[in-house]
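Down below is the structure, laid out as structure tokens.
The values are calculated or read from the model by the stated rules, or taken from the named source; none is laboratory data. Because the structure is a prediction, the values reported are computed rather than measured. Positions of Cβ are generated from backbone atoms using ideal geometry, with glycine treated the same way; all protein chains shown enter the neighbour counts. Ligands, DNA and RNA are excluded from the accessible area calculation, which covers all protein heavy atoms including side chains. Shrake-Rupley method; radii C 1.70, N 1.55, O 1.52, S 1.80 Å.
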Amino acid sequence: MPHSHSSRSASSRGAAPVLRPIVRHLAGIGLVMIAGNALAQTATQTPSTLGQVDVVGTSGASLQPPAPGGQVARGGSLGLLGTSDAMNVPFSTINFTSQAVEDVQARTLADIVVNDASVRLTTGTGGFDDTFTIRGLAVGAGDVAINGLYGLSASRVPAQLVERVEILKGPATLINGIAPGGSVGGSINVVTKRASDVPLTRLTTTFTSKSNLAVGVDVGRRFGKDNEWGIRFNGLVRGGEGTVNGGDQKTQLGALALDYQGSRLKWYLDAIVQRDDTDNFRPQISLDAIGAIPSPPDARANWYPGTALVQRDNVIATRLEYDVTDAVAVYGGIGYRDGTAEQVFPQSVSAVNSAGDFRVRNNFYDSFSHTVSANAGVRWRLNTGPIKHTINAGFTQLTQRSGNSFTVGTNAPDTTTGFPSNIYNPSPLVPVAASRLDPRLASDTTLHSVAISDTMSFADDRLLITLGLRDQTARVDSFSTTTGIATAPYKASAVSPLAGIVFKPIQNVSVYGNYTAGLTRGTIVGTQYLNRGEILPPYKSKQLEAGVKADFGRLTTSAALYQITRPLSQATGPVGNQVLGYTGETRYRGLELSAYGEIQRGLRGIASVAFTEPEVTSSVTAANVGNTVQGVPAITASAGLDWDTPWVQGLALNGRAVYTSGSNLNVTNTQRFDSWTRFDVGARYRTNISGKSVVFRANIENLFDKNYWLTTGTYVAVGSPRTFVLSASIDF
């Protein structure tokens, strides 16, 4: 689907050299400054210790407390390793709270994760789904975990569900098991809302430009002698034109969360029903062999007038945790998701040229997915002499049956050439004349693993060493959706190691490092390729990472250096008849710097910058070796401030800037997308009306209405236009 900025030439080596001088100077200077500042402030810090490590941390009872400022938590859950303070884990993580979600009026998960420079959205608001990259590598919507379980998330996660957003950067196979979509760059886990001890009955009305209206309810109560029983319900109804001309974005959501918090037993249940019904959803298109990248069209434009998309998701999941003794705990969880999508699916059958011209054929593409996801484990704390151990053993399994149907439009003059159109002046889609086909089974996937780890604590928790192994197996049986005959099954196994170390030279500074590797199931080839539906073979990825974290009390800072190696996925063949496969290897090297907290009383901030050097290290095309991987920006940055004004009690102002540098259209590095910067502003006012707490919020996203391409290379979408979001919430 088309998207791109004005083209400009690039050298055959792209932006590859950008990281080397940055690493030499910023890494050295930045880390020394962090350590120096930490030494100066040691006397004012609260020591970070290993402390209590809660099992997996998928509930309100096991959440780490917010850091100063309230927008980021002090830690989060790390699957097999449990929940811990971020200063005690050998990984780069960030954990956003519900306050951060509310402060920017996030509608979906995508609106909050861009607060971190290492995470970027590659699809615009109102599209088929929310797809991300972490450290330049794709993380699909299906790879977002819900309460520690993969395979349960819908195409987008509504903000109404979110209590925490936990982001782990880097391969997470040892931590969480194999993600169903094969993500390598990192993982995103959404912790759903639970009832708190304070009764809640909240009604929220929201207006989103152009004319989208929503009403939401949030009700929570706890019961019992010690408030051990909890119930929380979130509901949302939304409809009307949003960010695409002539569109209608309708959402219906109901989410019920139950829990029991006993002295030793904890139980949780989530039931979620979601339906998204979108007319004229945000388009995407492929660019490839092209003389010049066309300028991005108006962000409210729809290049395929007449599209329709209906997505339905039903999820139920439960979890049980039990402290057998003070030293031994067991846990287990299981969830089921039933998801379907019905889509009017336009297909570009010719490349978009520099004038925006292309040819399109209309089709139907419908799909279903039935997923069962489960995990179980045991945690044991013990001491061997002066060494404290936290031993974890766990099991994960995911089974997923997916199917689809692709109904080719037959009313074009020639189904291989389609109808002429233009991204600046699109032609309405010609209706599909063929009868819509029912989806048929395409793949039957089983991903299972067993893992064990030991976190050893030395010298009063000043030195933490984590060692672990995960034995994992991916089995995929694929089937022809035409004949039903099984094709190209595979089964592969691998052992993924983890070695991590955290050293605290002083109590508020952690120096860490890790090595991890994992098996990733092969991805299912998208519908834009000739071998659509084919399941590519599994592959391994490896990461080396080192970094430092410093907790200054009000502010927390971190810096990380990493290297990830993984296979190169490339499309070969003529445009419109391309085949996707693995044809080499890529290496991603990067430096990440971040800071968050309360700068001064009433002034909160989150800021980060990421420098990435993604290089092709092996390819069947020798000329591409040494080139920059397509679609990966060399520099990304995010910075936001939230300020309680001193002159009006209850009034707060906020602003955010999101920057993404240019990236290459293709692996040959002959065309390059422009960089872009988006600015967001907002305000909120808290008051009391007739004894009721009321909050008015107003936000403007993309303040200057910047048109820009979102891209992972040849597959592109346009960023969302200037969007006004107004809301009023009242607590009864």
So what is the relative contact order of the chain, in percent, for Cα pairs below 8 Å that sit 6 or more residues apart? 15
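Roughly how many debye, to the nearest 20, is the charge dipole of segment 284-353 about its Cα centre, given +1 on each Lys and Arg Cβ, -1 on each Asp and Glu Cβ, and no other charges? Intermediate values should be presented prior to the final figure.
Details: 4 positive and 8 negative charges, 63 e Å.
Magnitude of the dipole: close to 300 debye.
Quick check: from the Cα gyration tensor, does segment 111-221 come out rounded (a/c under 1.5), prolate or oblate? All intermediate terms of the calculation are to be shown ahead of the outcome.
Working: a/c = 2.37, a/b = 1.42, b/c = 1.67.
Cα axes put segment 111-221 in the oblate bin.
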Using alpha-carbon coordinates, inclination of helix 28-41 to the longest axis of the chain, degrees: 30
Please name whichever of Ala301, Ser350, Gly332 sits farthest to the positive end of the charge dipole of segment 300-363, dipole taken about the Cα centre and charges placed at Cβ: Lys and Arg +1, Asp and Glu -1. Ser350
Which whole-Hz ³J(HN,Hα) couplings does segment 62-75 yield from phi under the Karplus relation 6.51 cos²θ - 1.76 cosθ + 1.60, θ = phi - 60°, glycine and proline marked x? 9, 6, 6, x, x, 6, x, x, x, 8, 10, 8, 6, x
May I ask you to work out the translational diffusion coefficient for the chain at 4 °C, viscosity 1.567 mPa s, via Stokes-Einstein with Rh from the Kirkwood sum over Cα pairs, reported in whole µm²/s? 49
Give the calculated FRET efficiency between Leu213 and Arg601 to the nearest 0.05, with a Förster radius of 35 Å applied to their Cβ-Cβ distance. 0.40
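Determine, from the Cβ-Cβ distance of Val694 and Tyr582 and an R0 of 60 Å, the FRET efficiency 1/(1 + (r/R0)^6), rounded to the nearest 0.05.
The calculated FRET efficiency here is 0.60.
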The base-10 log of I(q)/I(0) that the Debye equation returns for segment 222-357 at q = 0.13, 0.15, 0.18 Å⁻¹, one scatterer per C-alpha, is -0.76, -0.86, -1.03
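When you have a sec, figure out the Kirkwood radius of segment 314-368 from all distinct Cα pair distances and drop it here in Å to one decimal? If you can, show how the numbers build up before the last one.
Numbers: mean 1/r = 0.0618 Å⁻¹.
Roughly 16.2 Å, rounded to one decimal.
Give me the number: length gained by fully extending Asp357 to Trp647, i.e. 0.36 nm times residue separation minus the C-alpha to C-alpha distance, one decimal in nm. Please list the in-between numbers first.
Working: separation 290, 0.36 × 290 = 104.40 nm, distance 5.43 nm.
Length gained, Asp357 through Trp647: 99.0 nm.
If you roll a 1.4 Å probe over segment 377-523 with all protein chains in place, what percent of the accessible area is carbon or sulfur?
Values: 4120 of 6620 Å².
With neighbouring chains kept in place, the figure for segment 377-523 is 62 percent.
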Radius of gyration and Dmax for segment 193-302's Cα atoms, expressed in Å? 21.0, 72
So how far apart, in nm, are the two label points at Phe458 and Ala292 if each is 7 Å from Cα heading toward Cβ? 6.2
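Rank-order 167-178, 690-701, 116-127, 618-629 by packing density, defined as the average count of other C-beta atoms within 10 Å over each peptide's residues, highest first. Intermediate values should be presented prior to the final figure.
Numbers: 167-178: 27.7, 690-701: 15.8, 116-127: 25.0, 618-629: 17.7.
Final packing ranking: 167-178, 116-127, 618-629, 690-701.
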Per-residue ³J(HN,Hα) for segment 200-206, Karplus 6.51 cos²θ - 1.76 cosθ + 1.60, θ = phi - 60°, Hz, x for Gly and Pro: 9, 9, 10, 10, 10, 10, 9
Using a Förster radius of 30 Å, what is the FRET efficiency between Ala376 and Arg401 based on their Cβ-Cβ separation? Nearest 0.05, please. 0.85
Would you pull out the residues with amide H under 5 Å of Glu163's amide H, same chain only if 5 or more places away, H placed 1.01 Å from N? Val191, Thr192, Lys193
For a label point 7 angstrom out from the Cα of Lys225 toward its Cβ, which stretches of segment 249-277 have the backbone nitrogen within less than 16 Å? 261-265
Mind putting a number on the dipole of the chain about its Cα centre? Charges go on the C-beta only, +1 for Lys and Arg and -1 for Asp and Glu, and I need it in Debye to the nearest 20. 560
Using amide H atoms built 1.01 Å from N in the peptide plane, name the residues 5+ places from Val352, or on other chains, whose amide H lies under 5 Å from its own. Asp288
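Length gain on complete extension for the stretch Arg686 to Ile506, per 0.36 nm per residue less the alpha carbon to alpha carbon distance? Provide the component values of the computation, followed by the final result.
Values: separation 180, 0.36 × 180 = 64.80 nm, distance 4.07 nm.
Computed gain between Arg686 and Ile506 is 60.7 nm.
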Choose one of Ser510, Leu256, Ile689: the residue whose Cα lies farthest towards the positive end of the charge dipole of the chain (beta-carbon charges +1 Lys, Arg; -1 Asp, Glu; about the Cα centre). Ser510
Give me the log10 of I(q) over I(0) for segment 443-539 at q = 0.13, 0.17, 0.23 Å⁻¹, as the Debye formula computes it from C-alpha points; what are the numbers? -0.62, -0.79, -1.10
From DSSP H assignment alone, runs of 4+ in the chain each adding -39500 (n - 2.57), the sum over residues rounded to the nearest 500 puts [θ] at 222 nm at -1000 deg cm²/dmol
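Please compute the per residue accessible area over the chain with all protein chains in place, 1.4 Å probe, rounded to a whole number of Å².
Numbers: 27230 Å² over 732 residues.
Normalised by residue count, the accessible surface of the chain is 37 Å².
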Sorted by chain and number, the residues with a modelled amide H under 5 Å from that of Thr108, at a separation of 5 or more or across chains, are Ala159
Using the Cβ atoms and a cut-off under 10 Å, what net charge is assigned to the surroundings of Leu152, where Lys and Arg are +1 and Asp and Glu are -1? -1
